[in-house]
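What follows draws every value from the coordinates through simple rules; no lab data is involved. Computed from a predicted model, the values in this text were never measured in an experiment. No Cβ is skipped: glycine too gets one built from the backbone with ideal geometry, and neighbour counts run over all protein chains shown.
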């Protein structure tokens, strides 16, 4: 499983975001994180993106962790988050092969966010 997570906030929120980042639980051993990467833009504010990866055996645990992690940031006024679960191409192709229908393959996908 791959998850892309984004934070968006104004510079006024930066200290609160940094403090929250310093106190949240670390990523569990069964997950890999790439990032976070930070981008600042005068019009859009500060943006971060992180990529999380874990095997299918730990999906439920991973999603519970990510919900709690990003809820901590959402509690900060002015911060918005998005967390998106993405399929690997191999999984998507396997679903398509099994169903022979794009619509049916999409119906089998149950994204948790």
Using a Förster radius of 30 Å, what is the FRET efficiency between residue 77 and residue 55 based on their Cβ-Cβ separation? Nearest 0.05, please. 0.25
The chain, relative contact order in percent, only Cα pairs under 8 angstrom and at least six apart counted: 37 percent
Among 95, 15, 7, rank each residue by its count of other Cβ atoms within 10 Å, from fewest to most, as a rough exposure measure. 15, 95, 7
FRET efficiency for residue 19 and residue 102, Cβ-Cβ distance as r, R0 = 30 Å, nearest 0.05? 0.10
For volume of the Cα convex hull per residue in Å³, which listed value, [x] 87; [y] 105; [z] 116, comes from the coordinates shown? [z]
Taking the 0 to 90 degree range and rounding to the nearest ten, how far is the long axis of helix 89-99 tilted relative to the main principal axis of the chain, both from C-alpha atoms? 40 degrees
